[in-house]
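Before any comments, here is the structure.
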């Protein structure tokens, strides 16, 4: 079966990543999603099927550039600490690990929150 569109290929990559990455209460999955206008981050406990916290650039940043991605990463660390999250595992959502996705993760890593990443990101 051939998939031609970029979206279909991204979804397939995301499914492969999700087969390897699961979040727990102690170490939730930090899911990153980049839309046409905004960047979204969620902390998810896959065992319970619950979103612990979510935030995005919606209402805060007008552009979805590297600077706003770094700010989102810093805000994500603050929200995670408020919720008692000390470690996360990164789910890049099928996106390539560069640009805005990397900026979010770099900001989170700099704060010492990321403990694991998918094999594709290493």
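Things worth noting here:
- Rounded if a/c under 1.5, otherwise prolate or oblate - the range 76-117, Cα gyration tensor axes: prolate
- For the pair residue 82 and residue 96 in one chain, pulling the backbone fully straight at 0.36 nm per residue adds 2.1 nm over the alpha carbon distance.
- Listed candidates (1) 34; (2) 43; (3) 51 - label of the one calculated as percent of Cα pairs over 21 Å apart: (1)
- Helices in the chain, meaning DSSP H runs of at least 4 residues, each add -39500 (n - 2.57). Divided by all residues, the mean residue ellipticity at 222 nm is -11500 deg cm²/dmol.
Read-outs throughout are calculated quantities, based only on the coordinates presented, and are distinct from any laboratory measurement. Values in this document were obtained by computation on a predicted structure and should not be read as measured data.
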